[in-house]
Amino acid sequence: MKATVHVTLKNGVLDPQGKAIEHTLSGLEFKGINEVRQGKFIELDINETDPAKAREQIDAMCRGLLANTVIENYEIEIIE
Amino acid sequence: MKACVIVFPASNCDRDMQVALERSISKPVDMVWHRESDLTGYDLVVVPGGFSYGDYLRCGAMAARSPIMAAIKKHADRGGLLLGVCNGFQVLTEAEILPGVLMRNANLKFICKDVELTVERNDTAFTSGYATGQKITTPVADHDGNYFTDDETLKRIEGNGQVAFRYAENPNGSINSIAGVYNERGNVLGLMPHPERLVDSELGGTDGTPMFDALLNYSGKVGA
């Protein structure tokens, strides 16, 4: 079963890389950018056919390694 | 005092730390590979600086899940002294042995320079060789030294006196200019600057020496 995880910085956590991207985009004359936040995208392929169980396993992976919940949120999507 | 330095793939301050410790405690200091699982008998365990696992995913994230970490937690729980410097500090926060997290420096630059620190308190195993409020100079050399906690944790660590060192001039955006923190019990210290690089006047100064000398003097008080 394939799944994806988006890891993003929590609101209020400083994201200097997002800021730098925002400034560079503005420098390239892209107009009207309110904010840029940078995160991580992780693809997983696991030996589990039950979507609920897969989600449970990946949730444990997120809490155990993939995200640092002091500063990051994560979102799991089961693909197939 | 029996001390060891943990070695991860891409630790790079491990041997400097060994030299600094051996100068103060006048005994051989063991190097312990991260695949080991037993730290019985050590009074002091040091997690050194470097770029363990190439800072993949987040700095310190992989090392914090290494086999040795269970033994490090056990060591801290029994009251053993535990010091994490730079990447070692990042590893200890990722392992949730110390509060907070180290994020990318606010100016996005790798900062490599001497900085002035204020010693917040001198009644701990690590700082009894300094005076409270004393200014010391140590080098920082990191890309992810920007200390952050949520408001609640910040209040708690400030209230408990868990801040060990503050930057005189905040170089990296760290919250409340925090450069190092203790755990609640005070037997674990993590800091971004490198005291092990300042133990020889030929190499720029000796402001790090009192920390290692203090650890030697504290040896009798380590909990069992």
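The values are calculated or read from the model by the stated rules, or taken from the named source; none is laboratory data. Predicted model, so just to flag it, every value in this text is computed and none were measured. Every residue, glycine as well, gets a Cβ built from its backbone with ideal geometry; the counts of neighbours run over all protein chains shown. We work out accessible area using only protein heavy atoms, side chains counted, and drop any ligands, DNA or RNA first. Shrake-Rupley method; radii C 1.70, N 1.55, O 1.52, S 1.80 Å.
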Selection count, segment A:1-21, where residues are in a helix (DSSP H, G or I) and under 17 Å from B:G173 (Cβ atoms): 5
Number of the exception - A:V36 against (1) in a strand (DSSP E or B); (2) surrounded by 12 or more Cβ atoms within 10 Å (Cβ to Cβ): (1)
Residue in segment B:65-76 that is within 30 Å of B:L203 (Cα to Cα), in contact with a His (Cβ under 7 Å, 6 or more places away or on another chain) and touching a residue at least 60 places away in the same chain (Cβ under 8 Å) present: no
All positions within segment B:90-124 that are away from chain A (no Cβ under 14 Å), crowded, with 21+ Cβ neighbours inside 10 Å and outside any loop (DSSP other than H, G, I, E, B): B:V115, B:L117, B:V119
When residues of segment A:58-80 are limited to those that are within 17 Å of the chain's Cα centre (by Cα) and more than 14 Å from chain B (Cβ to nearest Cβ), the one farthest from B:Q90 (Cα to Cα): A:I79
Test for B:R23: is it touching a helix residue (DSSP H, G or I) at 6+ places or on another chain (Cβ under 8 Å), surrounded by 21 or more Cβ atoms within 10 Å (Cβ to Cβ) and either at pLDDT below 95 or not in a helix (DSSP H, G or I) (or both): no
Residues that are under 23 Å from A:K40 (Cβ atoms) and open to solvent by less than 10 Å² (accessible area, probe 1.4 Å), drawn from segment B:34-63: B:G50, B:S52, B:G60, B:A61, B:A63
Flag for B:T206 being under 22 Å from B:P48 (Cβ atoms), surrounded by fewer than 17 Cβ atoms within 10 Å (Cβ to Cβ) and away from chain A (no Cβ under 14 Å): yes
Test: residue in segment B:180-191 that is open to solvent by 40 Å² or more (accessible area, probe 1.4 Å), within 14 Å of chain A (Cβ to nearest Cβ) and either free of Cβ contacts under 8 Å to residues at least 40 places away in the same chain or over 29 Å from B:K73 (Cβ atoms) (or both): no
Subset of segment B:1-20 [open to solvent by 30 Å² or more (accessible area, probe 1.4 Å), assigned to a helix (DSSP H, G or I) and free of Cβ contacts under 8 Å to residues at least 40 places away in the same chain]: B:R15, B:Q18
Every residue from segment B:125-157 that is in a loop (DSSP other than H, G, I, E, B), within 14 Å of chain A (Cβ to nearest Cβ) and farther than 21 Å from B:R197 by Cβ: B:T149, B:D150
Of all residues making up segment B:125-137, the number that are more than 19 Å from B:L44 (Cβ to Cβ), among the polar types (S, T, N, Q) and open to solvent by less than 10 Å² (accessible area, probe 1.4 Å): 0
Identity of the residue in segment B:33-54, under 17 Å from the mean Cα position of the chain (by Cα) and not in a loop (DSSP other than H, G, I, E, B), that ends up nearest to the other protein chains (Cβ to nearest Cβ): B:S52
All positions within segment B:15-59 that are of a type in the set (D, E), in contact with a Pro (Cβ under 9 Å, 6 or more places away or on another chain) and over 30 Å from A:C62 (Cα atoms): B:D16, B:E22
